[in-house]
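The structure under discussion appears below in the form of structure tokens.
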Amino acid sequence: MSLALKGQFALIVGAMREKKPVIHHLTNYVTAGDCANIALCAGASPVMADAAEEVAAITAKADALVLNLGTINTTKMQAMLLAAEAAQTKDIPVVLDPVGVMSSQLRLEFALKLLTAGLVTIVRGNYSECLALLERKAEGRGVDADGSVTDGLRVAKEGAERYGCVFAVTGATDYISSGKQALVLTGGHQLLTQITGAGCMTTTLCACCAAVTKEPLTAAALGVVIMGQAAELAAGFMETKDGPGMFKTRLFDGVYHVTSKWDVLHLDPERKQ
């Protein structure tokens with residue numbers, strides 16, 4: 001990682017912890033609490049409202065919008081579309097998590113509707129999900145990624161070029177592309193695959209970063225880096241008697257400590273002047 005990129009990361013985290021941006025989630029009920037807590041640990045302020053009658057108003061007051069397709073239904077899709085349109089009107093970044101689109105035609109078609117309408121700033125998904133968005137067909141089971149990924153960078157670049165937004169394809173190696181630029185990142189820990197919500201929480205972190213910068217490629221990369229470093233830190237905290245449950249608990253502490261470390265505005269108060 002270059003010194004210039006590290007410097008940008010530090011400034012974004014400092015701004016995030018200083019401004020405490022509001023991150024509006026329309027997310028799935030499996031990991032909603034996890035996403036709210038990870039946003040708080042990073043220094044942001046989560047809000048979760050999915051009633052169609054209020055999503056536009058709440059989105060208009062937010063700094064970023066997360067659309068997570070994990071537990072989708074017709075009512076929630078209507079609310080997501082209204083929220084995304086409100087975000088576009090206010091130039092608010094929208095981060096899409098296309099959970100399980102390779103397994104469901106309903107999810108896939110809705111994700112493509114958002115993408116082709118130009119309503120998405122960042123897509124954060126695993127390889128199988130992002131590949132389904134390119135091939136425009138749902139083929140697969142569950143929501144997990146194919147473990148034999150070899151062309152994640154191609155998928156990230158092609159997805160970004162086709163839909164005009166940043167694609168972050170995450171897994172053992174992470175590939176982030178704006179179509180014109182690309183980053184390849186390594187980090188994290190194998191225990192991330194043993195808990196629910198790792199991807200959803202990473203999406204939230206990308207949104208937290210996007211809320212305070214106009215550079216979505218950098219925001220997506222930083223969200224992924226924070227999760228990777230937090231996972232490594234959480235694993236280091238563990239004792240021999242611990243397992244995935246304690247790892248997940250310590251992951252929140254990891255995000256808190258990682259973002260505290262990156263927070264140059266508070267480490268160097270003169271930077272505020």
- [ ] Return only the number of the condition from (1) more than 22 Å from Leu65 (Cα to Cα); (2) surrounded by fewer than 22 Cβ atoms within 10 Å (Cβ to Cβ) that Leu192 does not satisfy.
- [x] (2)
TODO: Take the residues in the stretch 69-86 that are of a type in the set (Gly, Ala, Ser) and assigned to a helix (DSSP H, G or I), then tell me which one is surrounded by the most Cβ atoms within 10 Å (Cβ to Cβ).
DONE: Ala83
- [ ] For the stretch 165-206, please list each of the strands (runs of 3 or more DSSP E) lying entirely inside it that holds at least 1 residues being at pLDDT 95 or above.
- [x] 166-170, 173-177
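Report whether or not Asp50 is part of a loop (DSSP other than H, G, I, E, B), over 25 Å from Asp253 (Cβ atoms) and touching a helix residue (DSSP H, G or I) at 6+ places or on another chain (Cβ under 6 Å). Spell out how you get there, then give the answer.
On the way: part of a loop (DSSP other than H, G, I, E, B): yes; over 25 Å from Asp253 (Cβ atoms): yes; touching a helix residue (DSSP H, G or I) at 6+ places or on another chain (Cβ under 6 Å): yes.
In short, yes.
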- [ ] Name the residue, out of Val258, Val212, Val225, that is under 20 Å from the mean Cα position of the chain (by Cα), modelled with pLDDT under 95, of a type in the set (A, V, I, L, M) and closer than 25 Å to Val95 by Cα.
- [x] Val258
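Take Lys248 and tell me if it is basic (Lys, Arg), surrounded by fewer than 24 Cβ atoms within 10 Å (Cβ to Cβ) and more than 21 Å from Gly125 (Cα to Cα).
Working: basic (Lys, Arg): yes; surrounded by fewer than 24 Cβ atoms within 10 Å (Cβ to Cβ): yes; more than 21 Å from Gly125 (Cα to Cα): no.
Criteria not met by Lys248.
Just a yes or no: is a residue in the stretch 13-31 touching an Asp or Glu at 6+ places or on another chain (Cβ under 6 Å) and among the polar types (S, T, N, Q)? Walk me through it before giving the result.
So in the stretch 13-31, the residues touching an Asp or Glu at 6+ places or on another chain (Cβ under 6 Å) come out as 13-14, 17, 21-22, 26.
Still in the list and also among the polar types (S, T, N, Q): none.
Among the residues of the stretch 13-31, not one is touching an Asp or Glu at 6+ places or on another chain (Cβ under 6 Å) and among the polar types (S, T, N, Q), which makes the answer no.
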Open item on the list: Here is a list: Glu270, Glu239, Glu232. Which entry is at pLDDT below 95 and either among the aromatic types (Phe, Trp, Tyr) or assigned to a loop (DSSP other than H, G, I, E, B) (or both)?
Closed with: Glu239
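The values are calculated or read from the model by the stated rules, or taken from the named source; none is laboratory data. Owing to the predicted nature of the structure, the values given are computational and were not obtained by experimental measurement. As a convention, Cβ positions derive from the backbone with ideal geometry for all residues, glycine included, and neighbour counts pool all protein chains shown.
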